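One structure is given here, and the rest of the page talks about it.
The values are calculated or read from the model by the stated rules, or taken from the named source; none is laboratory data. Model, not experiment: these values are computed from the prediction. Ideal geometry is used to build each Cβ from the backbone, glycine not excepted, and the neighbour counts take in all protein chains shown.
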Amino acid sequence: MAHETGETATSKPARRARRMLEALAFVAGWVAIGYGFDLGKTLNRQCVYLLIGIPLTVVFQLAIRKRPLRELWVRASGASWPRSRSCS
């Protein structure tokens, strides 16, 4: 598979390290927001803390990873993405 996409064996560990750093920065930023706004003491504040994660995830996916949102749910999304809300 790496041969098809033009990847080399040496680029795979570097990509993995970058992804790990991106994920670590994302989590660290989210935790910093929680501590900065003191969002852990009551249930309402904990809910706000969790809801802040939704736009953070969208920004991370679009700006940092530079991938479409549908790849959050489907790894190899393509033309087969369902266009309607049918169950068939």
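Which ones in the range 16-60 are over 19 Å from TRP73 (Cα atoms) and touching a Phe, Trp or Tyr at 6+ places or on another chain (Cβ under 6 Å)?
Passing the criteria: GLY34, LEU39.
Which residue is modelled with the lowest pLDDT, if the candidates are limited to the range 41-60 and must be loosely packed, with under 11 Cβ neighbours inside 10 Å and over 17 Å from the mean Cα position of the chain (by Cα)?
The qualifying residue modelled with the lowest pLDDT is LYS41.
Mind checking whether some residue in the range 64-78 is at pLDDT below 90, surrounded by 11 or more Cβ atoms within 10 Å (Cβ to Cβ), in a helix (DSSP H, G or I) and among the polar types (S, T, N, Q)? Write out each step before concluding.
Here is the first cut: in the range 64-78, the residues at pLDDT below 90 are 64-78.
Those still in the list that are surrounded by 11 or more Cβ atoms within 10 Å (Cβ to Cβ) too: 64-65, 67-72, 74, 77.
Next, from what is left, pick out any that are in a helix (DSSP H, G or I): 64, 69-72.
Imposing the further condition that a residue be among the polar types (S, T, N, Q) reduces the set to none.
Scanning the range 64-78, I find no residue that is at pLDDT below 90, surrounded by 11 or more Cβ atoms within 10 Å (Cβ to Cβ), in a helix (DSSP H, G or I) and among the polar types (S, T, N, Q), so the answer is no.
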